[in-house]
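Have a look at the structure below before the remarks.
The values are calculated or read from the model by the stated rules, or taken from the named source; none is laboratory data. Worth saying up front: this structure is predicted, and the values here are computed from it rather than measured. Cβ: placed from backbone, ideal geometry, glycine included. Neighbour counts: every protein chain shown.
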Amino acid sequence: MEYQYPFDIDWSTEEVIDVIAFFEAVERAYEKSISRDDLMNRYKRFKEIVPGKAQEKTICNEFEESSGYSAYRVVKKMKDVPESEHITMK
């Protein structure tokens, strides 16, 4: 797929890389599967960079519009899955 990841121009290079890593984890949940622990770690880092709900919603909606993958649904499923399980959105 050809699309760009959303980011804020005020983020450092490391923060951009970490946000992209979170969105790549969302992609993996749709395309294959990802461990809950790996996704949780990436989501926690994402929330350190994007702590506000409004900004999170905006960025995740931009990602969903361009990719078709819902970060919201993946995170919701992550919260419902027991530790050490894998998440798949197939």
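Taking the criterion of being surrounded by 15 or more Cβ atoms within 10 Å (Cβ to Cβ) and either without any contact (Cβ under 8 Å) to a residue 12 or more places away in the chain or not in a loop (DSSP other than H, G, I, E, B) (or both), the residues of the range 46-58 that qualify are Phe46, Ile49, Glu56. Looking at this structure, is Ala71 surrounded by 15 or more Cβ atoms within 10 Å (Cβ to Cβ) and aliphatic (A, V, I, L, M)? When the stated conditions are applied, Ala71 passes them.
Name the residue, out of Arg42, Arg36, that is closer than 23 Å to Pro82 by Cβ, in contact (Cβ under 8 Å) with a residue 40 or more places away in the chain and of a type in the set (Lys, Arg).
Values: Arg42 fails: in contact (Cβ under 8 Å) with a residue 40 or more places away in the chain.
Only one candidate qualifies: Arg36.
If you go through the range 5-32 and keep only what is among the hydroxyl-bearing types (Ser, Thr, Tyr) and either exposed (fewer than 14 other Cβ atoms within 10 Å of the Cβ) or under 10 Å from the mean Cα position of the chain (by Cα) (or both), you end up with Ser12, Thr13.
Hey, any hits in the range 22-36 for a residue that's more than 18 Å from Ser67 (Cα to Cα) and part of a helix (DSSP H, G or I)? So far as the range 22-36 goes, yes, one or more of its residues are more than 18 Å from Ser67 (Cα to Cα) and part of a helix (DSSP H, G or I).
One residue stands out in the range 1-21 among those that are charged (D, E, K, R) and not in a helix (DSSP H, G or I): the one that is modelled with the lowest pLDDT, namely Glu2.
One residue is enough: does the range 74-83 have a residue meeting the conditions within 10 Å of the chain's Cα centre (by Cα) and either free of Cβ contacts under 8 Å to residues at least 24 places away in the same chain or closer than 14 Å to Val26 by Cα (or both)? Yes, that holds for at least one residue. Beta carbons closer than 7 Å, at least 6 apart along the sequence or on distinct chains, never pair a first residue in the range 1-24 that is closer than 22 Å to Arg73 by Cα with a second that is exposed (fewer than 11 other Cβ atoms within 10 Å of the Cβ). Number of residues in the range 59-90 that are in a helix (DSSP H, G or I) and of a type outside the set (A, V, I, L, M, F, W, C) equals 12. If we scan the range 18-38, do we find a residue that is farther than 19 Å from Thr88 by Cβ and among the aliphatic types (A, V, I, L, M)? Within the range 18-38 (the criterion being farther than 19 Å from Thr88 by Cβ and among the aliphatic types (A, V, I, L, M)), the answer is yes, since at least one residue qualifies.
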